[in-house]
Structures are given as C-alpha cells and as structure tokens.
Amino acid sequence: MRTQVAIIGSGPSGLLLGQLLHRAGIDNIILERRTKEYVLSRIRAGVLEEGFVEMMDRAGVGARLHAEGLIHEGFDICFDNVRHRMDLAGLTGGKKVVVYGQTEVTRDLMAAREASGAPTVYEAEDVSLHHFDGTSPKVRYRHAGREHEIECEFIAGCDGFHGVSRQSVPEGAIRTFERVYPFGWLGLLSDTPPVSHELIYVNHPRGFALCSMRSKTRSRYYVQVPLTDDVQQWPDERFWDELRARLDPKTAQQLVTGPSIEKSIAPLRSFVAEPLRFGRLFLAGDAGHIVPPTGAKGLNLAGSDIHYLSTGLIEFYRTGNSSELDAYSARALRRIWLAERFSWWMTHLLHRFPEQGAFADRIQRAELEYLVSSKAAQTSLAENYVGLPF
Ligand code: FAS
Ligand code: PHB
C-alpha cells in the first residue's frame with residue numbers, strides 16, 4: 001500500500017493530524033496498536049486552551065465541544081484552608097479555558113475520521129518504522145495475522161510516551177531530558193455534581209488534591225499518592241475520606257460522593273526529546289514530551305505540535321516549500337519547554353515532596369503567599385494556564 005503520510009497512534013495527536021491532512025487533500029493512514037474502545041476508555045485530560053479549541057474548529061469537529069464544553073474564567077488555589085481565586089479572564093484580557101474531557105475530544109475526532117472514510121487500522125501489531133532517513137520511508141505491521149507494508153513520504157510518530165516511534169530513532173541522534181516525580185496522582189471519576197463550579201487546586205500537608213469535572217453532573221478528582229501505592233489499596237470510601245481531609249472544611253462539607261466509574265494512578269514526569277525530527281520521521285504529542293498534569297498542558301501541547309506539523313506538511317504538499325516543515329522541531333520545542341517550565345513550577349508549588357526539608361517547605365509557602373498577594377505573579381500564572389500563543 002502507498003500513502004503520503006503514515007501516522008502512528010490514534011490518540012488526540014494522531015487523530016487531529018489525520019483530520020487536518022485529510023481536509024487538505026493529503027492521503028494518510030493511522031495505525032493504532034489498541035482497539036478503538038480501549039483508546040476511548042482511557043480517562044486523561046480535562047482542560048482545553050483556546051488554541052486547542054481553534055484546532056478542533058479547524059479540523060471541523062468543534063460542534064459538540066462548543067455545545068457541551070464548560071467555559072471557565074478562573075480557578076481556585078487552596079492552602080491553609082483558604083481558597084484564593086485566580087481570575088484567568090481578568091488577568092489575560094478575557095482569555096478562558098474550556099472543560100471538555102480528552103475522551104470526548106477523541107470520540108469527536110474518531111467520528112469525523114470514520115465519516116471521512118480515511119483509513120485507520122486498529123489492533124495493528126508490531127508496527128516498525130524503516131528508511132525514514134531517506135526519502136522513501138516504510139512502515140510495517142501485522143493485522144489479523146497478516147503482514148503489511150506501507151510505502152509513504154512521511155511518518156508522524158504520534159504514539160505516545162511508550163510508543164515505537166521515538167524508540168526507532170538511532171540512540172546517537174536523539175537527546176532526552178527527564179525528571180521523574182516521587183509521587184503519582186490517584187484519579188477518580190464519578191457521576192456526582194462537582195463540588196465547585198470551577199477547579200480547585202489544593203496544597204495540603206497531607207498532599208496535593210485537585211477538584212475538577214467533565215460536566216455539571218460528572219466530577220473528576222485527584223489526590224497525590226506515593227509511587228508505591230496501588231489502586232487496589234484505595235477503595236472509594238478511603239478516597240473520599242482523603243479528599244475531604246485535604247479540602248477546607250466548608251468545601252469538604254459540600255462534597256457529594258458516589259461510586260467511582262473509573263479509578264487509576266498516573267505517574268508524574270517531565271520529559272522532552274530533542275530534536276523532534278529525524279529525516280522523514282516527525283515526533284508529536286506525548287511521543288516527544290511529557291508534562292506533569294498539574295498545569296493541564298499535556299493535551300494542549302499535542303495541539304500546538306500538530307498545528308506546527310500540519311502547517312508544514314500542508315505547505316510542502318501545496319507549494320513544495322519545506323521551510324515550515326524544516327522549522328517544525330525548533331518551533332515546537334520552544335513552546336514545549338515553556339510549558340515544561342510552567343508545569344514543573346506548578347507541580348513544585350502544590351505538591352508535598354517527601355523529604356523536601358524545612359527550607360523547601362518555607363520556600364513553597366513563600367511562593368504561595370507571594371502568588372496570592374501579587375497581581376504580577378497571578379498574571380504570570382494566568383497567561384501560562386490559558387496557554388501561550390502558538
Ligand atoms: P496518547 O498517548 O494519547 O496516544 C498515543 C496512541 O498511540 C495510543 O492510543 C497508543 O495506544 C498508541 N500506540 C502506542 N504505541 C503504539 C505502537 N507501537 N503502534 C501503534 N500505536 C501505538 N494531560 C492533561 O492535560 N491533563 C491531564 O489530566 C492528563 N492526565 C493524564 C493521565 C495519564 C495516565 C496519561 C498517560 C496522560 C495524561 N495527560 C494529561 C496527558 C495526555 O492527555 C496526553 O498529553 C495526550 O494523551 C497526548 O496525546 P497523544 O500525543 O495522542 O498520545
Ligand atoms: C482533569 O480534569 O482531568 C484535569 C484538570 C486540570 C489539570 C489536570 C487534570 O491540571
């Protein structure tokens with residue numbers, strides 16, 4: 001089989017790229033290791049920057065997002081049992097974020113791809129990438145027991161942190177930067193009304209907590225847990241008790257609890273691979289970088305990567321000019337590192353680091369007190385949280 005662009009991975013990055021390329025008349029195929037149902041079962045991000053929303057509109061899949069997404073103009077930071085509102089819209093000249101789950105983003109993109117008739121191969125096994133250092137790369141995979149080979153002109157590695165694409169790059173050609181955090185996030189999804197109409201990020205001596213949501217009737221909560229914890233150790237009641245213990249008393253009293261419909265522990269890491277291009281292979285989304293979810297940047301960074309990559313590929317196929325494509329890696333990495341910085345900063349602001357020591361405790365408190373007393377500090381937080389320009 002021949003195509004112009006082979007996309008590895010049917011997460012938000014791969015699906016968004018596939019949709020933008022298809023709308024520009026560029027042939028592409030998506031190869032996904034898992035089933036469609038499995039991809040949709042993963043509960044991940046919840047907050048979209050305006051830039052990501054514009055990408056969904058550009059891809060022609062923004063209708064449900066605009067109809068069902070919740071527009072948020074601020075969020076609270078709580079410490080010492082006091083909630084302090086960060087006025088995102090007021091501090092950024094009116095910018096906002098939209099609460100709309102990654103699952104729904106993926107569902108909308110999958111539906112559009114099916115309607116377009118562009119090919120996706122689910123349960124593609126043993127995907128391997130070849131000759132991307134030349135001008136005729138190939139991708140091989142097995143499906144339903146049969147071996148397949150795709151001849152293409154470009155490969156987009158959109159297969160996440162554990163994917164095959166980054167692993168296919170010769171060791172000497174890539175440099176990685178990583179920080180693994182000594183804790184994880186235990187997340188719970190429940191069909192209960194959110195405890196507040198906006199998000200609440202909590203710094204508490206017992207650990208970080210986050211009150212988020214997916215709709216006015218579906219809540220998403222997180223508590224920081226040691227990396228050694230297993231989700232089996234956290235029956236629902238223990239989760240609700242721990243969350244209440246970290247909230248201020250008034251909010252704890254307002255918390256509506258119910259049975260979990262999903263519960264999982266996610267590790268936290270900061271990770272960047274440089275560069276993001278290797279001949280005809282491009283890395284985008286989690287295949288190229290990971291941020292701790294504290295700053296709600298992971299999914300949004302995938303959006304800006306795909307903005308830069310799709311623009312470069314469309315320009316190349318329309319005019320033969322490769323300058324946008326040649327600029328992809330440097331342009332994407334600049335925005336990635338700014339988001340890595342913000343996510344690292346917000347993670348240090350809000351989490352309890354084991355053995356962080358008394359000095360670090362005092363610095364964290366000073367950081368919090370400076371933030372809630374300085375409009376300049378809040379403006380810096382706000383412009384990063386709503387998303388820096390593409
Ligand atoms: P994805 O990982 O979503 O998709 C990659 C796809 O490639 C997957 O479907 C995978 O099955 C497939 N794949 C992998 N290897 C393959 C192979 N060899 N062959 C074919 N296909 C292959 N971000 C936030 O902003 N907020 C959050 O709260 C948040 N929580 C998260 C929780 C978890 C547990 C994780 C892992 C991530 C979280 N993220 C969060 C980040 C997340 O939303 C990512 O940024 C987002 O999924 C990035 O999308 P993709 O780049 O498409 O990668
Ligand atoms: C979520 O709703 O899953 C969510 C929201 C904000 C974050 C991280 C996760 O910073």
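Of all residues in segment 162-175, which are of a type in the set (Ser, Thr, Tyr) and over 19 Å from the mean Cα position of the chain (by Cα)?
Filtering segment 162-175 for residues of a type in the set (Ser, Thr, Tyr) gives 165, 168.
Hit for segment 162-175 is SER168, nothing else.
Looking at (1) β-branched (Val, Ile, Thr); (2) closer than 20 Å to PHE183 by Cα; (3) surrounded by 23 or more Cβ atoms within 10 Å (Cβ to Cβ), can you tell me which one ILE306 breaks?
Among (1) β-branched (Val, Ile, Thr); (2) closer than 20 Å to PHE183 by Cα; (3) surrounded by 23 or more Cβ atoms within 10 Å (Cβ to Cβ), the lone unmet condition for ILE306 is (2).
Filter segment 223-247 down to the residues that are touching a residue at least 60 places away in the same chain (Cβ under 8 Å) and crowded, with 18+ Cβ neighbours inside 10 Å, then identify the one that is farthest from TRP185 (Cα to Cα). Explain how you work it out, then say what you get.
Narrowing segment 223-247 to residues touching a residue at least 60 places away in the same chain (Cβ under 8 Å): 224, 226, 247.
Retained after the next criterion (residues that are crowded, with 18+ Cβ neighbours inside 10 Å): 224, 247.
Working: GLN224: 5, LEU247: 16 Å.
Here the answer is LEU247.
Filter the strands (runs of 3 or more DSSP E) completely within segment 5-118 down to those with at least 1 residues that are aromatic (Phe, Trp, Tyr). Break it down stepwise before answering.
Working: elements: 5-8, 28-31, 47-49, 70-72, 75-79, 82-86, 97-99.
The qualifying strands (runs of 3 or more DSSP E) are 75-79.
Just the residues that are at pLDDT 95 or above and either farther than 14 Å from LYS36 by Cβ or exposed (fewer than 15 other Cβ atoms within 10 Å of the Cβ) (or both), please, taken from segment 120-135. Walk me through how you get there before you give the answer.
Of all residues in segment 120-135, those at pLDDT 95 or above come to 120-133.
If the condition is that a residue be at pLDDT 95 or above and either farther than 14 Å from LYS36 by Cβ or exposed (fewer than 15 other Cβ atoms within 10 Å of the Cβ) (or both), then GLU125, ASP126, VAL127, SER128, LEU129, HIS130, HIS131, PHE132, ASP133 are the ones that fit.
Which of (1) more than 11 Å from ligand 1 (Cβ to nearest atom); (2) of a type outside the set (A, V, I, L, M); (3) under 30 Å from VAL98 (Cβ atoms) does HIS131 not meet, given it meets every other one?
Just one mismatch for HIS131, condition (3).
Conditions (1) assigned to a strand (DSSP E or B); (2) under 23 Å from the mean Cα position of the chain (by Cα), marked per residue:
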{"position": "TYR181", "(1), (2)": "yes, yes"}
{"position": "PRO194", "(1), (2)": "no, yes"}
{"position": "HIS197", "(1), (2)": "no, yes"}
{"position": "SER212", "(1), (2)": "yes, yes"}
{"position": "SER215", "(1), (2)": "no, yes"}
{"position": "ARG220", "(1), (2)": "yes, yes"}
{"position": "THR228", "(1), (2)": "no, no"}
{"position": "LEU243", "(1), (2)": "no, no"}
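Are any residues in segment 290-313 closer than 21 Å to VAL5 by Cβ and of a type in the set (A, V, I, L, M), and if so, which ones?
Step one: list which residues in segment 290-313 are closer than 21 Å to VAL5 by Cβ, which gives 301-313.
LEU301, ALA302, ILE306, LEU309, LEU313, listed by residue number.
Pairs only if they're at least six apart or on different chains, beta carbon under 7 angstrom, first in segment 255-269 and under 14 Å from ARG44 (Cα atoms), second in a loop (DSSP other than H, G, I, E, B) and away from ligand 2 (no atom under 14 Å from the Cβ); list them, first residue then second.
Close Cβ pairs (under 7 Å, with a partner that is in a loop (DSSP other than H, G, I, E, B) and away from ligand 2 (no atom under 14 Å from the Cβ)) amount to ILE261/ASP191; LYS263/TRP234; ILE265/ASP229; PRO267/LEU227.
The values are calculated or read from the model by the stated rules, or taken from the named source; none is laboratory data. Since the structure is predicted, the reported quantities are computational estimates derived from the model, not experimental observations. Note that each Cβ is placed from the backbone with ideal geometry, even for glycine, and that neighbours are counted across all protein chains shown.
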